Structure formats: structure tokens, C-alpha cells
Amino acid sequence: MSIKSSLAISAGKSSYWFLHKFLHGGTALPGKITLQLDPDVLKSLAKDYEIVIITGTNGKTLTTALTVKVLRQKYPNLLTNPSGSNMKQGIVTAFLTHKKAKSGKNLAVLETDEANVPLISQYIKPSAFVLTNLFRDQMDRYGEIYTTYEKILTGVRMHPDATIIANGDAPIFNSVELPNPVIYYGFDHHADHDQKAPANTDGLLCPKCQRILAYKNLTYSNLGKYYCPNCGFKRPELTYKVTKLISQSPQASKFEVNGQPLTLHIGGTYNIYNALAAFAVGAHLGVSPDLIQAALDDPDEKVFGRQEVIKLADKELTLILVKNPVGLDQVLEMIKTDPEPFSLAVLLNANYADGIDTSWIWDGRFEDLPFERIPAVLTGGERYKDITFRMRVAGVPEANFDQEPKLEAVLAKVKQMPTKHVYVLATYTAVLQLRKLLASEGYIKGGME
């Protein structure tokens, strides 16, 4: 290690200690300081680690958390970035604060922002890339899904020996020939029957002949058992697959992967994909199916903003991050399965971390919500006027509807809602702001670094 790297690492560790000792947190800043002193420091920090990169549009944070739980069954001293700080500076901080094992494998599982995959791939040597999905998201940052995939591929191409563990139900991940070994996971729990995706779905063109893809089974959006009726392009063979879907609710899903029964204590079909990715990574790195089952069945996993249940006086507040059309639609589909009446709050911000374009709220199918079972709907956030207009167009009964620009007042009104269960859908910075407020009032232990 060079003197320059040593000094940078010392400065980064000192800043991390100060921030956590006196200012109650800080994840990106120590990494930023370290990188300013040595832009190439990641090469030294990541030396001797076996590294798994997890990237994609939706589900990175939960997939990373579940993968870490699975791998810790066999590799207890594992490095990760649990706060969701998934850009270069946050990843540097994760390495700064981890103590290497004196013996055995040093393993790192890194949630990585799509655009940052090539930025960190030039300094580290991943053994695997996990690709969750690609959907239209933050158009101001990423552009279309093909542009985003090319960013990821720029990093992947630096490491042709790394194994790709990809969602086989996503046509885009089968669209480019690569020299890497590839493992695919997906859903295979229904008998084949021809289907078509909705006309406005992204990513429906065959990458070989540009005709519209058809499906033998469709999970949601453009995910499923796809094929091209014109040229024969089709979904690849799956190594790990959901073979049975037993039951689903907003609180849990029961299903089988390759015949292995699993319980996930979080709802949503999209989260089954996240668990399936974790299963595939665990199996690839030698974790036995029974240990994977035990890890995923642990009900204590809490990931901020990802269906996090918070006790709020006599209420149960379920906080859910929403940030793009497909993710929003899947969340709406999930909460519709709640058999009991529930209240709903939607908080919309449009900062850089959220994506400054809010037009995606018009692609979410709010109209399909069972408003007859939702006695209270509240809108808020910095762009509360936009989401208020959207909800009015969706048909929320005026008698059940309220809006509130101030977050403190939002929380006060949530406490007065008529149902025990309240779903709060919020964009990224709105999640941070709400958690900070909840922490200041003593409902949770801390906000989010």
C-alpha cells in the first residue's frame, strides 16, 4: 500500500469515528474525504476480497440484505454497505470500516448504483455480478433502460471471468452475448399459456429482430417466460426458479425454489424475485438449501423504507419506498391484497436522489385501489400538489381525502387515521425525512445514515 493510500485511509477512518461519535452518523462523507486524498484508494481497500456486486433498478437494497443474511450462514465476517449508500464514496466507507478476517475468506457484498458499476469495477475484481431488473427510472440520470444496461455492461466487460447471476425473466439480460459464465433465475410455477404484456410496457422488443415479444407466462411488467414469434429468441434455461407459489399477503410470501419451501416475511411478488436472487447467490457460493431456508425465514430482517413496520401510537405504519412506475404498481398490487381496511399516505419529493421528473406517478395504476376499503387518504411531501392532483384524478372520494405540505402535520394526521394499519408510500428523500422525524419523536432508534 502506498503512503498516499495509507494517509487517505487514516483520514477516512478518523472522519468516520468523529461523525459517529459526535454527529450520530455519516456514511458517504468519510468515503468522499478518502477519495479526495487518493482517488484510487479502492484498489488498496478491496485487495484480497472476493466481491459480489448487486445492481439493477428495483430491489437492490433488499436483495443485498437478504443475500448477506444467506451468506452469513457460512461466511460470518462479511463486508457490506447496509445503509444503502451505493455510490463510490459509500462503498469506500464500507471498506474503511470493515475488519478483515484473520483467516478464511474475506467476502464483500456490495449494493451498487447502476451508473457506479463501471466506476468501481475499474478498481476491484468482482467474482460475481447480480442483475435484478431494469425498468424506466430517474430518466434525468439514467435515460432509457438500454442506456442503463450499457453502463452496467461497461463494468462487466472489465471482468470477463466474473459470473453473472441474472434475472432470466428480464429479456434485456439475455440480449447481449458475453464471455462470462451466466446463471439465470426466474419464475416457472405455471403451465404455459400464451400472453401479451400491456402495450405501454418498456423493453418488449426482441433484441434480435425488433418484433414485439410474446409470453408463455407473465409475472409483471416485461418479466416472464418470453419468446419471439418471429425469430425464436426466448428466455434461457433457469438454474434457480420459483416452482410453486403457495400464498401471498402484504406481510409474507410462501413459495418454493427448486422444490425447497421458503417463507419470506415481507410481501410482494417483486420481493420474491429479491429472495430468489439471494438464493441463487447463496447456492453459487456453497450455502446449503436448508441454511438458505433458515436465513430467509428469519422474521427480524428490517430494511429501512422497504415495507418497514413502525409502531406509531396505536397504529402500525408500513413505510414503503416508491420511485418508478413498475415499482409503484407492484406496491399498489401488494397493498390491495390486504383483507382489512387500511389508510394510505403518499409522500412525493423530487430532489436529485428521487429523480426530478415526477411524471412517473401517472403511470402508476392508483385507479385500481379499493377505495371503498380505504377510509382515509393523505398526500404530502415537497411536491404534494402533484400527487394530490394525481389522486383526485384516480378517484379518491373527497370525503376521505386530505393533503398536507408539512411533514410534522402529516405525521400528526397519520396518528388520527381511522384504521390500525396505515401504508405510507414515499420517495427516497421523503423516506429519509420521515424517518428522521420518527427518530426525533422516539418511535424508531435512528434515522438513516
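The values are calculated or read from the model by the stated rules, or taken from the named source; none is laboratory data. Everything numeric here is computed off the predicted structure, so don't read it as measured data. Note that we place each Cβ from the backbone using ideal geometry, even for glycine, and neighbour counts take in every protein chain shown. Note: accessible area is taken over every heavy atom of the protein model, side chains too, but ligands, DNA and RNA are not part of it. Shrake-Rupley method; radii C 1.70, N 1.55, O 1.52, S 1.80 Å.
Modelled spin labels at Asn258 and Ala412, positioned 7 Å past Cα toward Cβ, are 5.6 nm from each other. Of the residues Arg211, Arg392, ranked by 1.4 Å probe accessible area with the largest first, the sequence reads Arg211, Arg392. In this calculation the C-beta distance from Glu237 to Lys125 is compared with R0 = 25 Å, giving a FRET efficiency of 0.35. Electrostatic bookkeeping for Leu205 treats Lys and Arg as +1 and Asp and Glu as -1; over the other residues with beta carbon under 12 Å from its beta carbon, the sum is 0. The listed residues Tyr16, Tyr220, once ranked by accessible area (1.4 Å probe) with the largest placed first, stand as Tyr16, Tyr220. The listed residues Thr269, Thr67 rank as Thr269, Thr67 when sorted by accessible area, largest first, using a 1.4 Å probe. Proximity of backbone amide H atoms, modeled 1.01 Å from N, is registered between Ile51 and Ala108, Ser127, Ala128 at under 5 Å, excluding neighbours fewer than 5 places apart on the same chain. The spacing between the stretch 106-120 and the stretch 314-361, judged by their C-alpha centroids, is 26 Å.
Taking a sphere under 12 Å around the Cβ of Ser6 and counting the other residues whose Cβ falls inside, with K and R at +1 and D and E at -1, yields a net charge of +1.
Count the DSSP beta bridges whose two residues both fall in the chain, then state the antiparallel fraction as a percent rounded to the nearest 5. Here the antiparallel bridges make up roughly 35 percent for the chain.
In this view, the solvent-accessible surface of Met1, computed with a 1.4 Å probe and all protein chains in place, comes to about 150 Å². 3J(HN,Hα) along the stretch 343-349, derived from phi through the Karplus expression 6.51 cos²θ - 1.76 cosθ + 1.60 where θ = phi - 60°, amounts to 9, 9, 10, 10, 10, 10, 10 Hz, with x in place of Gly and Pro.
With K and R counted +1 and D and E -1, the other residues having a Cβ less than 13 Å from that of Pro418 yield a net charge of +2. Between Thr337 and Asn200, the modelled label-to-label distance comes to 2.5 nm, taking each label 7 Å out from Cα in the direction of the beta carbon. A straight chain from Glu144 to Met1 at 0.36 nm per residue would run longer than the Cα-Cα distance by 47.5 nm. Give the shape of the stretch 32-112 as rounded, prolate or oblate, defined through the alpha-carbon gyration tensor: a ≥ b ≥ c are the square roots of its eigenvalues, a/c under 1.5 means rounded, and otherwise the shape is prolate if a/b is larger than b/c and oblate if not. Oblate. With protein chains left intact and a 1.4 Å probe, residues in the stretch 39-297 average 38 Å² of accessible area per residue. Look at the Cα gyration tensor of the stretch 156-207: its axes a ≥ b ≥ c give a/c of at least 1.5 with a/b at or below b/c, and that counts as oblate. For the stretch 307-441, the square roots a ≥ b ≥ c of the C-alpha gyration tensor eigenvalues yield an a/c under 1.5, which makes the shape rounded. Using modelled backbone amide H atoms (1.01 Å from N, in-plane), which distant-in-sequence or interchain residues come within less than 5 Å of Arg211's amide H? Placed amide hydrogens put Cys206 under 5 Å from Arg211.
Residue ranges 406-419, 313-326, 108-121 sort as 108-121, 313-326, 406-419 when ordered by packing (mean number of other C-beta atoms within 10 Å per residue, highest first).
Comparing Cα centroids, the stretch 416-433 and the stretch 43-60 end up 31 angstrom apart.
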